[in-house]
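The values are calculated or read from the model by the stated rules, or taken from the named source; none is laboratory data. Just so it is clear, the structure is predicted and the values come from calculations on it, not from any experiment. Methodologically, a virtual Cβ is constructed for each residue, glycine included, from the backbone with ideal geometry; neighbour enumeration extends over all protein chains shown.
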Amino acid sequence: MERLDLSRLSVRELNQYLHHELPKNGVDEVEIVNPSGLHSIAAGLTVPVKIRVLGHAGYFLAGMNQRADVTVHGNVGWSVAENMMSGSVRVKGFASECAGASAHGGLLVVQGSASSRCGISMKGVDIVIGEDVGHMSAFMAQAGHLVVCGNAGASLGDSLYEAVLYVRGKIHSLGADAREEPMMEDDYRKVDELLRKAGIDYSSREFKRVASARSLYHWNAEAGQEY
């Protein structure tokens, strides 16, 4: 294991090392200390390395991640795992806005709550939130799954496409074209699978399914913006 200290390195130096030197030296586990809320830590990784960030981080942690497994022992700012392609990102604390924005694949786990627009425009990622999500979560979510173990804020799933949302707690309100649907056996299996991967112990039988009513797929001039 290698230990990298952000009180001695800049984020640019850290990321340059992770991109260019790490793949050559055979290290498969990295510990990053003194993150001090800095932005863009461990962004754009393309190697199968395990990274532990010991402390709170700022915006865009593990953005564009590919193959790496990143764990943050603290809270994170905006857009954690933004545009992630594969691998995993786990946040032991809380996440600010736009967690998992536009992510195409992989697994994002936030053990605490995530703020507004969690999973905005998600394109295939699986996201598990241990507590609550804020308003407009899964806005324009195109593919993937969002599992919320607590409550969901206003306008959940607004303009939803093919992503499926599962909520254990209360839903303040659904957004345009989102609707609650019956849970099927495939849904129970999927929720159980994602909870197991996230290490969160709830029963899938406690969750509700939210998906698209598909009324927005085709523009209707007669609708008068009422969906």
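When residues of the range 32-62 are filtered for being under 18 Å from residue 1 (Cα atoms) and in contact (Cβ under 8 Å) with a residue 40 or more places away in the chain, how many remain?
So the count comes out to 1.
Please determine whether any residue of the range 135-143 is farther than 15 Å from residue 169 by Cβ, in a strand (DSSP E or B) and not basic (Lys, Arg).
yes
What about residue 99, is it under 22 Å from residue 157 (Cβ atoms) and touching a Gly at 6+ places or on another chain (Cβ under 6 Å)?
Details: under 22 Å from residue 157 (Cβ atoms): yes; touching a Gly at 6+ places or on another chain (Cβ under 6 Å): no.
No, not satisfied.
Based on this model, can you work out whether residue 191 counts as in contact with a Phe, Trp or Tyr (Cβ under 8 Å, 6 or more places away or on another chain), crowded, with 20+ Cβ neighbours inside 10 Å and more than 23 Å from residue 83 (Cβ to Cβ)?
yes
So that you can scan it fast, the table gives a plain yes or no per residue for (1) of a type outside the set (Asp, Glu); (2) surrounded by fewer than 20 Cβ atoms within 10 Å (Cβ to Cβ); (3) farther than 26 Å from residue 71 by Cβ; (4) touching a Gly at 6+ places or on another chain (Cβ under 7 Å):
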site	(1), (2), (3), (4)
163	yes, no, no, yes
167	yes, no, no, no
172	yes, yes, yes, yes
177	no, yes, yes, no
180	no, yes, yes, no
186	no, yes, yes, no
196	yes, yes, no, no
202	yes, yes, no, no
207	yes, no, no, no
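State all residues of the range 1-15 that are surrounded by 13 or more Cβ atoms within 10 Å (Cβ to Cβ) and either outside the structural domain of residue 52 (by TED's automatic domain parsing) or in a helix (DSSP H, G or I) (or both); if no residue qualifies, say none. Lay out the reasoning, then the answer.
As a first pass, look at the range 1-15 and keep what is surrounded by 13 or more Cβ atoms within 10 Å (Cβ to Cβ): 2, 4, 6, 9, 11, 14-15.
If the condition is that a residue be surrounded by 13 or more Cβ atoms within 10 Å (Cβ to Cβ) and either outside the structural domain of residue 52 (by TED's automatic domain parsing) or in a helix (DSSP H, G or I) (or both), then 11, 14, 15 are the ones that fit.
Where residues in the range 17-76 are assigned to a strand (DSSP E or B) and of a type in the set (Lys, Arg), which of them is farthest from residue 114 (Cα to Cα)?
Just the residues of the range 17-76 that are assigned to a strand (DSSP E or B), to begin with: 29-33, 50-54, 69-72, 76.
If we keep only those that are of a type in the set (Lys, Arg) too, we end up with 50, 52.
Numbers: 50: 23, 52: 20 Å.
Looking at the filtered set, the residue picked out is 50.
Quick grid of which residues meet (1) buried (at least 20 other Cβ atoms within 10 Å of the Cβ); (2) within 18 Å of residue 55 (Cα to Cα); (3) among the β-branched types (Val, Ile, Thr):
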position	(1), (2), (3)
73	no, yes, no
79	yes, yes, no
82	yes, no, no
91	yes, yes, yes
95	yes, yes, no
98	yes, no, no
110	yes, yes, yes
120	yes, no, yes
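Before we move on, is residue 132 among the acidic types (Asp, Glu), touching a strand residue (DSSP E or B) at 6+ places or on another chain (Cβ under 9 Å), in contact (Cβ under 8 Å) with a residue 60 or more places away in the chain and buried (at least 20 other Cβ atoms within 10 Å of the Cβ)?
On the way: among the acidic types (Asp, Glu): yes; touching a strand residue (DSSP E or B) at 6+ places or on another chain (Cβ under 9 Å): yes; in contact (Cβ under 8 Å) with a residue 60 or more places away in the chain: no; buried (at least 20 other Cβ atoms within 10 Å of the Cβ): yes.
Spelling it out, it is not the case that residue 132 is among the acidic types (Asp, Glu), touching a strand residue (DSSP E or B) at 6+ places or on another chain (Cβ under 9 Å), in contact (Cβ under 8 Å) with a residue 60 or more places away in the chain and buried (at least 20 other Cβ atoms within 10 Å of the Cβ).
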